[in-house]
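Colleague: Sharing a structure with you now.
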Amino acid sequence: MKHKILYSYAGIATHLLVTDPKFLILMDTGDGIIRDLLEEEITFPVSTPVHIFFTHGHYDHCGGLFSFLGFLRMIGQEFPVNIYYPEGATEIEGLIDLFNSVYQDTMIFEFNITKLKPGSKLEIDGGVTIKTYQMKHCGSTLSHGLLPEIPALGYAILKNGKKMIAYTGDTGMNENLQDLVKDACHAYIEATNPNTKQSVFHLSSKEASELGKLAKKFTKIHTIKKIRQK
Ligand SMILES: [Zn+2]
């Protein structure tokens, strides 16, 4: 199983690519997802099922979904596309509904939707299990200030029982983070705040580093500078 952050920059886009002979996983699809995938050695149409997991519905995590689905439709993707998101993530539901309503007569791939709750466990292909963890996140805008909490999940990807990847999505410090990150071969941890200031809905760089010590290896993502893993 190979994995890398294709791109991550808070407020712009974040997406993690996981490849395995039996499937392709995307964790979030921010804007620019097609551009970033085409720079990888992936042959399209993909000859395995595609699984797209969303951590939450903010535009910098799901804004590329519509264009990615359009791209797959255009190039003749025939293997199923499976989409998973936290129950109640209305932005993602809206994008899927729009795509379905516009292209329902010319769809060529199967389209499976799964709404996830925290504490779920699901099997996908090749001995891989995905576990979900409740995260703590909310929006804010300059005009509206802090907004209510939104559905947000972190994900662990296990292969044959071994926690290969932990991916927090956006979150403030919460009681599930340690469980999620602990003993992961590689943890991708959000670190939006560059300083030590505590926030209720994002981690500081220092908090992310402390958490990362629980994993075998970790990478801070969703920072306020561009990250692209080679
Ligand atoms: Zn967010």
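Colleague: In the list K220, K216, which residue meets the criterion of being closer than 30 Å to F23 by Cβ and assigned to a strand (DSSP E or B)?
Modeller: K220
Colleague: Would you mind stating whether E40 is of a type outside the set (A, V, I, L, M, F, W, C), free of Cβ contacts under 8 Å to residues at least 40 places away in the same chain and either assigned to a loop (DSSP other than H, G, I, E, B) or within 15 Å of the ligand (Cβ to nearest atom) (or both)?
Modeller: For E40, the condition - of a type outside the set (A, V, I, L, M, F, W, C), free of Cβ contacts under 8 Å to residues at least 40 places away in the same chain and either assigned to a loop (DSSP other than H, G, I, E, B) or within 15 Å of the ligand (Cβ to nearest atom) (or both) - is met.
Colleague: Same structure, new question: Taking the range 93-110 as the search range and keeping residues that are surrounded by fewer than 15 Cβ atoms within 10 Å (Cβ to Cβ) and not in a loop (DSSP other than H, G, I, E, B), which one is nearest to the chain's Cα centre (by Cα)?
Modeller: Per the criteria, the residue is G94.
Colleague: While we're here: For the range 124-137, state whether one or more residues are outside any strand (DSSP E or B), touching a residue at least 12 places away in the same chain (Cβ under 8 Å) and within 16 Å of the ligand (Cβ to nearest atom).
Modeller: yes
Colleague: Scan L24, L16 and give me the residue that is surrounded by fewer than 24 Cβ atoms within 10 Å (Cβ to Cβ), part of a strand (DSSP E or B) and either touching a strand residue (DSSP E or B) at 6+ places or on another chain (Cβ under 6 Å) or of a type in the set (K, R) (or both).
Modeller: The match here is L24.
Colleague: For the range 191-230, what are the residues that are of a type in the set (K, R), within 27 Å of D36 (Cα to Cα) and surrounded by 13 or more Cβ atoms within 10 Å (Cβ to Cβ)?
Modeller: Scanning the range 191-230 gives a single hit, K220.
Read the figures in this text as sums done on the coordinates, not as results from a lab. Remember, it's a predicted structure, so these values are computed and weren't measured experimentally. As a convention, Cβ positions derive from the backbone with ideal geometry for all residues, glycine included, and neighbour counts pool all protein chains shown.
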